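Readers should treat all values here as calculations from the given coordinates under stated rules, not as data from a laboratory. As the structure is a computational prediction, the values presented were derived from the model and not from experiment. Backbone-built Cβ (ideal geometry, glycine too); neighbour counts: all protein chains shown.
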Amino acid sequence: MSVATSTPDSTAADDPIVGALKQSFGDQAVLEQSTLTGMPVLWVSREILTEALSFLRDVPEPFDMLYDLSAIDERLRSNRRGLPASDFTVFYQLLSITRNRDIMLKVALHEEDLTLPTSVSLYPNANWYEREVWDMFGIDFRGHPHLARILMPPTWNGHPLRKDHGARATEFDPYTLTVEGQDIEQEALRFKPEDWGMQRAQADTEFMFLNLGPNHPSAHGAFRIVLQLNGEEIVDCVPDIGYHHRGAEKMGERQTWHSYIPYTDRVDYTGGVMNNFPYILAVEKLAGIQVTERAQTIRIMMAELFRISSHLLFLGTYLQDLGAMSPVFYTFTDRQKSYEVIEAITGFRMHPAWFRIGGVAQDLPRGWDRLMQGFVDWMPKRLREYERAMMENAIVRERTRHIAAYTTRDALAWGITGPNLRATGCDFDLRKTRPYSGYEKFDFEVPLGSNGDAFDRGQLRIEEMRQSLRIIQQCIDHMPDGDYKADHPLTTPPPRERMLQHIETLITHFLQVSWGPVLEPNESQQMVEATKGINSYYLTSDGNTMSYRTRIRTPSFPHLQQIPAVMRGGFVPDLIAHLGSIDFVMADVDR
């Protein structure tokens, strides 16, 4: 499957799908909202929500992916002129691969009636998203198969993303855990198969229920998956997440636009500045900042370097999960080489938090091109060696060929993006289909798989590293001159030489460091092709020095939700291979 390249605009008036919705449901049921999200944003009534979602899913060139589903507590928001009265708003972002378009539907809810119909029958990945909205906001989805906490412990009181819920430890009583309290918490974690519609026995077979994790090497973090087994065959399984949840979205409501940047690094902690990218671009939309060509190129170069670093980590641990002990030492050696370049340029390694609103933290140091060229020259022969020693290995092929395979249609239904989607043959890479930060100026290819299996997911990432090297080489050869930061009052901090010479610049610096910049009320969103799939930040500004609502949509969250659909009828060793092939980190899942 391939798509036409286009750049979505924010004008809904001339969008044919908006016209079709209005024709089907009437102007009273569909209210357009002007935003900086780059997509039509439409308010619909609760009564027609299911019909509207069904309409969009079934139109020619359908909106075949529920990309995101979340909510916002509107009760303290000051700037809502022209919007429907709402205490809580639930939004649905749908994505059409063939149209290369998004659309967002919003539903207004009042505090005394926080209920909506479930959308699981239309989009199966709505299951976890609706559970998250219930967990964080207390909004009920009628007909949901198992509406329970997903990120917070089962014993948690309150809904953390409501505005009346505390954001800091000092807003709660001191934490204590008695022996009795520990017993209560442990009992709450006990898995009860009946709650998930599972049987303990069938005919003359008694099923075994096995906890894999939350502390297990192949779980790649604090992740628990409960397996219903008939011998080694997986009858069913239930992923259990939330052990790594730190409230990253809540933190976005208490940090200034600038001071939140380091928090983004810790979401996909293997992606480094790739996490800064969508957040920074979304803030720049709100601020109206145009970034210089030099800053754009530097950002692309560093993001692609982190893509290689992340894929090397994936490759080594993936092969380790399959039983090969040596590869991880080789890939970590090459990863160390990438970190030497990253550290020389940014001053840090894993979490440089180096991108800034309007540019990057500092210009490239002298000799950066020699260091980067050395890495680019080193890697190609290593990648070929990895292919010969790993992916062409007979045991690896036997363990991964046609294992945990799924189709493009299945991937879209579960919200799968990035290499895991392209492994099915779907040609959808935001760097090509919706170029951002100047990617349209670069010459590179989008690697595709054909079988959508564990082998293709591994091989594809090796090809992606080759293309990243190709992009970095173009950055080295054609790095533009000019400033590394936009000359705009909302960038931070101003260049030091100007700050020391002009009192107006010094005042701006003082205000932005102590208070942070004030951004006009609006909403913006930016999606990027991150290391593990599409990552995006959806920001709501209420005309303040910090975000009113920060929504982080990460790729790993839906990737883990798909596991049961892929693994039913498989075997335990196949599950381990599949977990390794997904390439996830739990901070990216739990936030």
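Structure notes:
- The HN-Hα couplings worked out from phi for the range 83-98 by the Karplus form 6.51 cos²θ - 1.76 cosθ + 1.60 (θ = phi - 60°) are 9, x, 4, 7, 8, 9, 10, 9, 10, 10, 9, 10, 10, 10, 5, 5 Hz, whole numbers, x standing for Gly and Pro.
- Remark: the range 143-201 carries a charge dipole of roughly 320 debye about the Cα centre, counting +1 on each Lys and Arg Cβ and -1 on each Asp and Glu Cβ.
- Near Pro193: Cβ cut-off under 14 Å, other residues only, Lys/Arg at +1 and Asp/Glu at -1. The net charge is -2.
- Phi-based couplings in Hz for the range 71-77 (Karplus 6.51, -1.76, 1.60; Gly and Pro marked x): 8, 9, 7, 8, 5, 9, 7
- Relative contact order, percent, the range 16-142 [alpha-carbon distance under 8 Å, six or more residues apart]: 23 percent
- Here the simple spin-label model places points 7 Å from the Cα toward Cβ, and for Asp140 and Glu111 these points are separated by 1.8 nm.
- Here the range 540-591 and the range 162-231 have alpha carbon centers that stand 18 Å from each other.
- Straightening the chain between Asp58 and Asp487 buys 149.8 nm, computed as 0.36 nm per residue apart minus the Cα-Cα spacing.
- Cβ-based net charge around Ile234, under 14 Å, with every Lys or Arg adding one and every Asp or Glu removing one: -3
- The chain, relative contact order in percent, only Cα pairs under 8 angstrom and at least six apart counted: 18 percent
- Cβ-Cβ FRET estimate between Ile507 and Arg366, R0 fixed at 30 Å, reported to 0.05: 0.40
- In summary, the lysines within cross-link reach of Lys485, defined as a Cα separation below 16 angstrom excluding same-chain residues under 8 places away, comprise Lys285.
- 12 Å beta-carbon shell around Asp443, net charge (K/R +1, D/E -1): +1
- Screening the chain for whole DSSP H helices of 18 Å or more along their axis (Cα) with average Kyte-Doolittle hydropathy at least -0.5 returns 273-287, 293-321, 327-346.
- Over all Cα atoms in the range 11-81, the spread is summed up by Rg and Dmax: 13.1, 40 Å.
- Listed values [x] 84, 61, 58; [y] 68, 55, 55; [z] 178, 67, 49, entry calculated as Cα extents along the principal axes in Å: [x]
- Shape summary of the range 468-516, radius of gyration then Dmax from alpha carbon positions: 15.6, 45 Å.
- Note on the range 251-590: Cα-only Rg and Dmax are 20.6, 70 Å.
- Cα-projected label distance for Asp410 with Glu398, points at 7 Å along beta-carbon direction, nm: 2.4 nm
- In the calculated pair-distance distribution of the range 315-418, the portion above 19 angstrom amounts to 62 percent of the Cα-Cα pairs.
- MRE, 222 nm, helices only [DSSP H, n ≥ 4, -39500 (n - 2.57), over the chain, to nearest 500]: -11000 deg cm²/dmol
- For the range 344-391, the square roots a ≥ b ≥ c of the C-alpha gyration tensor eigenvalues yield an a/c of 1.5 or more together with a/b exceeding b/c, which makes the shape prolate.
- Ordered by the number of other Cβ atoms lying within 10 Å of each residue's own Cβ, fewest first, Trp257, Trp43 fall into the sequence Trp43, Trp257.
- The distance separating the Cα centre of the range 296-370 from that of the range 395-439 comes to 22 Å.
- With only the Cα atoms considered, the range 166-311 has a convex hull volume of 186 Å³ per residue.
- Each residue of the range 413-419 was assigned a 3J(HN,Hα) from its phi angle through the Karplus expression (A = 6.51, B = -1.76, C = 1.60, θ = phi - 60°), giving 4, 9, x, 7, 9, x, x Hz with x at Gly and Pro.
- Ordered by the number of other Cβ atoms lying within 10 Å of each residue's own Cβ, fewest first, Trp378, Trp414 fall into the sequence Trp378, Trp414.
- Restriction of the chymotrypsin sites (Phe, Trp or Tyr not before Pro) in the range 512-591 to DSSP coil positions whose beta-carbon has at most 16 other beta-carbons within 10 angstrom yields Trp515.
- Computed from the alpha carbon atoms alone, the convex hull of the range 16-142 holds 105 Å³ per residue.
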